[in-house]
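> First the structure, then my questions, so here it is.
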Amino acid sequence: MDLTQGTHQEKASRSKKMMLWFGIGSLIMSFAGLISAFIVSSKQRLNEDWLLEYQLPPAFLISLILILLSSFTFILGKQALKQNNRSMVTVWLLATLALGVGFVVSQFVGFGEIIASGYHFAGPTSNITMSYIYVIAVLHIAHVIAGLICLIVVIYNHFKQKYDANNMLGLELAANFWHFVDVLWLVLFLFLYFFKYII
């Protein structure tokens, strides 16, 4: 596709979408690096401190369900906008926001469950395996919070009536990023859950 063709609005739209995908690509590489470090550390048994049997906190599963539901509600919001059904766009965007906040809360509940099981991020009660899990989860939360900020901006612009069926670029960009962080947590959760069975 020739990015130089089309109206100014079309070129700006393609440029913004391309920038988003470049950003997502860099995030994928960052988390791939973390996963690689996790795998290498498990093989080397660094400090003889690697847990062969670890349990993810139940709250992490709840957070997975919440964030997958939030992708579904975002899709419904986008469909409602295509139909110019503004009231349902409001309902689905606010539902997405609530589910996103619920995800962050459940993640912190999960950290509390890890601590209750005796593992802290650092110090004498820390463990390299659980420290990796802390880092991976916290970095993902940071990106979810970035997604929540984008979502709040989208909701604000929606109330200002900046979007309609023919002008939904901002919502589309936010939705694509949101779906990415949702899929990312699904991949991370499944990796962390099943990895202990294959090492």
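Matching residues to (1) closer than 16 Å to Phe191 by Cβ; (2) polar (S, T, N, Q):
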{"site": "Arg14", "(1), (2)": "no, no"}
{"site": "Ile24", "(1), (2)": "no, no"}
{"site": "Ile28", "(1), (2)": "yes, no"}
{"site": "Gly33", "(1), (2)": "yes, no"}
{"site": "Phe38", "(1), (2)": "yes, no"}
{"site": "Ile65", "(1), (2)": "no, no"}
{"site": "Ser70", "(1), (2)": "no, yes"}
{"site": "Asn84", "(1), (2)": "no, yes"}
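> With respect to Gly123, is the statement that it is in a loop (DSSP other than H, G, I, E, B) and either free of Cβ contacts under 8 Å to residues at least 12 places away in the same chain or not hydrophobic (A, V, I, L, M, F, W, C) (or both) true?
yes
> Do any residues in segment 74-86 that are modelled with pLDDT under 95 have Cβ atoms under 7 Å from those of residues that are surrounded by fewer than 17 Cβ atoms within 10 Å (Cβ to Cβ) and outside any loop (DSSP other than H, G, I, E, B), where the two are at least six apart or on different chains, and which pairs are they?
Here the result reads Asn84/Asp164, each pair linking segment 74-86 to a residue that is surrounded by fewer than 17 Cβ atoms within 10 Å (Cβ to Cβ) and outside any loop (DSSP other than H, G, I, E, B).
> Could you please find all residues in segment 87-141 being crowded, with 16+ Cβ neighbours inside 10 Å, farther than 18 Å from Ile75 by Cα and among the aromatic types (Phe, Trp, Tyr)?
Phe111, Tyr119, Phe121, Tyr132, Tyr134
> Filter segment 166-199 for residues that are within 13 Å of Gly77 (Cβ to Cβ) and either over 20 Å from the mean Cα position of the chain (by Cα) or small (Gly, Ala, Ser) (or both) and give the result.
Answer for segment 166-199, where residues must be within 13 Å of Gly77 (Cβ to Cβ) and either over 20 Å from the mean Cα position of the chain (by Cα) or small (Gly, Ala, Ser) (or both): Met168, Gly170, Ala174, Ala175.
> From (1) under 21 Å from Trp185 (Cβ atoms); (2) touching a residue at least 60 places away in the same chain (Cβ under 8 Å), pick out the condition that doesn't hold for Val138.
Going through (1) under 21 Å from Trp185 (Cβ atoms); (2) touching a residue at least 60 places away in the same chain (Cβ under 8 Å) one by one, Val138 breaks only (2).
The values are calculated or read from the model by the stated rules, or taken from the named source; none is laboratory data. Fair warning: this is a prediction, and the values are worked out from it, not measured in the lab. Methodologically, a virtual Cβ is constructed for each residue, glycine included, from the backbone with ideal geometry; neighbour enumeration extends over all protein chains shown.
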